[in-house]
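Asker: Dropping the structure in here first, questions after.
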Amino acid sequence: MKKTAILLGATGLTGNIILHKLLKDTRYEKIKLFSRTKIEGLPNKVTQFVGDLLNLEQFKEDFKGDEVYCCIGTTAKKTPDKELYKQIDYGIPVAAAKLSKENNIPTFLVISAMGANKESSVFYNRTKGEMEHDVLEQNIIHTYILRPSLIGGERKERRIVEKVSLVVFKIIQPLFIGKFKQYKIINPESIAQAMLNLANRTSNAEVIITSDDIKKLAKK
């Protein structure tokens with residue numbers, strides 16, 4: 001039976017790649033996008049719901065499908081206000097998970113980050129850790145939390161610090177061997193493919209997917 005996929009964050013780097021993969025995938029007859037802005041030029045396979053994602057509950061009646069791909073995330077530079085930052089990075093994924101539970105959506109996939117820990121003293125890591133905890137609290141049958149390392153690829157907006165970090169990481173990557181392999185830069189294509197593969201597997205033992213395992217899953 002053909003499926004319906006729900007995607008949040010389609011205008012972002014990884015989310016946009018997932019969108020185009022879903023468009024080509026014949027297993028999906030419908031894609032629902034929830035975002036703040038409309039994406040022009042998409043085929044009839046896509047239905048767009050545009051509005052304030054900080055109030056995701058407004059979309060409850062339309063938030064129905066077989067799988068949810070949550071690729072929401074911001075940066076300290078784009079969102080310096082910590083309260084707003086948390087509303088985005090924590091609030092939107094958790095709200096999406098709650099709606100998924102209420103609407104009996106069996107599969108929920110969300111991008112987190114390496115180092116996520118709700119007990120961390122680092123605001124970014126703590127926010128991601130709290131998000132993970134509260135997403136898992138929904139007990140959705142198939143929940144997958146992906147923790148990528150530094151994500152490579154070209155973004156629309158300029159992120160100077162991130163670009164510098166990528167250059168440094170590329171230089172020192174040969175030193176990442178053994179248990180340190182998970183710290184290597186990851187391609188957004190790998191994250192997108194891993195999410196799609198996870199959603200279409202009958203089972204997967206791991207709920208928390210590390211960066212190294214994301215790369216392996218992308219090849220299966």
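The numbers here are math on the coordinates, done by the rules we state, and not lab data. Computed from a predicted model, the values in this text were never measured in an experiment. All Cβ positions, glycine included, derive from the backbone under ideal geometry; neighbour counts span all protein chains shown.
Asker: Pairs of alpha-carbon atoms within less than 8 angstrom and 6+ residues apart define the contacts here; what relative contact order does the chain have, in percent?
Answerer: For the chain, the relative contact order is 18 percent.
Asker: Now for a different question. Amide H to amide H under 5 Å from residue 30: which residues, 5+ apart in sequence or cross-chain, H placed 1.01 Å off N in plane?
Answerer: Close amide H contacts, sequence-distant or interchain: 3, 5.
Asker: In addition: Too long at a 23 Å Cα-Cα cut-off: which of 98/118; 21/45; 101/215; 64/98; 24/78? Before the final figure, lay out the partial values.
Answerer: On the way: 98/118 19 Å; 21/45 13 Å; 101/215 28 Å; 64/98 12 Å; 24/78 32 Å.
Among 98/118; 21/45; 101/215; 64/98; 24/78, the Cα-Cα distance tops 23 Å for 101/215; 24/78.
Asker: If you average the C-alpha positions of segment 199-220 and of segment 108-148 separately, how far apart do those two centres end up, in angstrom?
Answerer: The distance from the Cα centre of segment 199-220 to that of segment 108-148 comes to 16 Å.
Asker: Next up: Relative contact order (percent) for segment 81-144, with alpha-carbon contacts under 8 angstrom and 6 or more residues of separation?
Answerer: Reported relative contact order: 39 percent.
Asker: Okay, next question. What is the helix-to-structure angle for 123-136, meaning the angle in degrees between its Cα long axis and the longest Cα principal axis of the chain, kept from 0 to 90 and rounded to the nearest 10?
Answerer: The answer is roughly 40 degrees.
Asker: Now, a different point. Cα convex hull of segment 42-84: how many Å³ per residue? The partial results should precede the final answer.
Answerer: Values: hull volume 5.0 nm³, N = 43.
Looking at segment 42-84, the number lands at 117 Å³ per residue.
Asker: Can I ask one more? Around residue 28, with a cut-off of 13 angstrom between Cβ atoms, what is the net charge of the other residues, counting Lys and Arg +1 and Asp and Glu -1?
Answerer: +4
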